[in-house]
1. State yes or no: is A:I12 in contact (Cβ under 8 Å) with a residue 24 or more places away in the chain, in a strand (DSSP E or B), away from chain B (no Cβ under 14 Å) and among the hydrophobic types (A, V, I, L, M, F, W, C)?
2. For segment A:91-116: of the residues being at pLDDT below 95 and polar (S, T, N, Q), which is nearest to A:V62 (Cα to Cα)?
3. Return the residues of segment B:25-82 that are part of a loop (DSSP other than H, G, I, E, B), crowded, with 20+ Cβ neighbours inside 10 Å and within 14 Å of another protein chain (Cβ to nearest Cβ); say none if nothing qualifies.
4. Would you point out which residue out of A:A48, A:A99 is more than 10 Å from chain B (Cβ to nearest Cβ) and of a type in the set (G, A, S)?
5. What pairs come up if the first residue lies in segment A:93-116 and is in a loop (DSSP other than H, G, I, E, B), the second is at pLDDT 85 or above and among the basic types (K, R), and their beta carbons are under 6 Å apart, counting only those six or more places apart or on different chains?
6. What is the one condition in (1) over 18 Å from A:H7 (Cα atoms); (2) among the β-branched types (V, I, T); (3) surrounded by 20 or more Cβ atoms within 10 Å (Cβ to Cβ) that A:T57 does not satisfy?
7. For the condition closer than 25 Å to A:V3 by Cβ and more than 10 Å from the chain's Cα centre (by Cα), what is the one hit in B:E79, B:E39?
8. Identify all residues within segment B:83-101 that are surrounded by 17 or more Cβ atoms within 10 Å (Cβ to Cβ), in contact (Cβ under 8 Å) with a residue 12 or more places away in the chain and within 14 Å of chain A (Cβ to nearest Cβ); write none if there are none.
Amino acid sequence: GAVVSQHPSWVICKSGTSVKIECRSLDFQATTMFWYRQFPKQSLMLMATSNEGSKATYEQGVEKDKFLINHASLTLSTLTVTSAHPEDSSFYICSARDALVDQPQHFGDGTRLSIL
Amino acid sequence: GENVEQHPSTLSVQEGDSAVIKCTYSDSASNYFPWYKQELGKGPQLIIDIRSNVGEKKDQRIAVTLNKTAKHFSLHITETQPEDSAVYFCAASKGYQLTFGKGTKLSVIP
């Protein structure tokens, strides 16, 4: 149980394009979803937290107009990197939890984003 | 805010030996401490967790101990196997947001 699916697993695109990453909870209701960014050989850095049906809360230093988060249903959250540039290249990971049952965070397998 | 320190950053052990990874946290209000294993190119996988009302928890070859007074917790892996090789992250939380340590790269040498 507690499976989180993230798609795509790898994306390469040109500078200036927008990229959408999907995060789905397959067998539980994700009342809260989290988006992290991870640089090579480093820890996970929380970018934002979203509750279903509410606007996301962004961490300090994360541009909300750059990283658009939508959490419109209990099983799906999306992260859109708008007008992506090479410095946005990174490993993006989502996690989800069902706060109603005090569930731990379960992570997806990440998306490797490469901007050329 | 919470600060989590994790040591060592790298750890090499012979297959069959034990491995211990230690973390300290700063916020005495933190009450939940999970451990995650991350393999190359994958997301973190929860392997064990402990709450502040428990001092020790064990699951087969994996155990976690918590010392609330000293604000530190440790991961113990016994009878290590090559497939235990990965990066391990500790984390601390007092609500639902996790603060992660910097990770420990564990290498199990056959």
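1. On the way: in contact (Cβ under 8 Å) with a residue 24 or more places away in the chain: yes; in a strand (DSSP E or B): yes; away from chain B (no Cβ under 14 Å): yes; among the hydrophobic types (A, V, I, L, M, F, W, C): yes.
Criteria met by A:I12.
2. If we take residues in segment A:91-116 being at pLDDT below 95 and polar (S, T, N, Q), then A:Q105 is nearest to A:V62 (Cα to Cα).
3. Filtering segment B:25-82 for residues part of a loop (DSSP other than H, G, I, E, B) gives B:26-31, B:39-44, B:52-55, B:60-61, B:68-71, B:78-81.
Within this subset, residues satisfying the condition of being crowded, with 20+ Cβ neighbours inside 10 Å are B:30, B:43-44, B:80.
Of everything in segment B:25-82, those that are part of a loop (DSSP other than H, G, I, E, B), crowded, with 20+ Cβ neighbours inside 10 Å and within 14 Å of another protein chain (Cβ to nearest Cβ) turn out to be B:G43, B:P44.
4. Answer to the check: A:A48.
5. Hits for this filter: A:Q103/A:R97; A:Q105/A:R97; A:D109/B:K42; A:L116/A:K14.
6. (3)
7. B:E39
8. Those that are surrounded by 17 or more Cβ atoms within 10 Å (Cβ to Cβ), in contact (Cβ under 8 Å) with a residue 12 or more places away in the chain and within 14 Å of chain A (Cβ to nearest Cβ): B:A86, B:V87, B:Y88, B:F89, B:C90, B:A91, B:A92, B:S93, B:L98, B:T99, B:F100, B:G101.
The values are calculated or read from the model by the stated rules, or taken from the named source; none is laboratory data. What you see is a predicted model; the values in this text were computed from it and never measured. Backbone-built Cβ (ideal geometry, glycine too); neighbour counts: all protein chains shown.
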